[in-house]
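Written below as structure tokens is the structure these notes are about.
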Amino acid sequence: DVARVHYIGDEATGAGYRLAGAEVRVPSPAEAADTFRRAIEAEADLILLSADVAAALPRDELEAAVLGDRPLVAIVPDVHGRHPAPDVARDVRMALGIEP
């Protein structure tokens, strides 16, 4: 059984993921949330989000997805190194008062 991997982000980074067999989507900021939800509905096993796309998603939806079990969701830097991936897990720990 082959894992269903989706990359949602910029075209240049997506080209590399496409070569590796991922389904690639390059949404506008306004389309980011709908594109992300469609990847979840498509029963992707792994969803890779660029930092730009992650920033365009509703914060609570992103946090729930990253902390959830299925699908696995990861925020990855773009190929140009412009936007490092945010540390969502640290942000959640801070919100819970676990980390200063």
>> Over the chain, with the other protein chains present, what is the accessible area per residue in square angstrom, probe 1.4 angstrom?
In response: 60
> Taking all protein chains as present, what is the carbon and sulfur share of the accessible area of the chain, in % to the nearest whole number, probe 1.4 Å?
Replying inline: 56
>> For the ranges 67-78, 1-12, what's the packing order if you count other beta-carbon atoms within 10 Å of each residue, average per peptide, and put the highest first?
In response: 1-12, 67-78
> Once all Cα-Cα distances of the chain are split into 5 Å bins that start at 0, what whole-number percent is in each one?
Replying inline: 2, 14, 24, 25, 19, 10, 4, 2, 0
> What is the dipole size for the chain, taken about its Cα centre, with +1 at each Lys and Arg Cβ and -1 at each Asp and Glu Cβ, in debye to the nearest 20?
Replying inline: 120
>> So if each residue of separation counts as 0.36 nm, and I subtract the Cα-Cα distance between residue 92 and residue 55, what length gain in nm does that give?
In response: 11.8 nm
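The values are calculated or read from the model by the stated rules, or taken from the named source; none is laboratory data. Every value quoted in this text rests on a predicted model; they were computed, and no experiment measured them. Don't worry about glycine lacking a Cβ; one is built from the backbone with ideal geometry, like all the others, and counts go over all protein chains shown. Accessible surface is based on the protein model in full, side chains and every heavy atom, while ligands, DNA and RNA are left aside. Shrake-Rupley method; radii C 1.70, N 1.55, O 1.52, S 1.80 Å.
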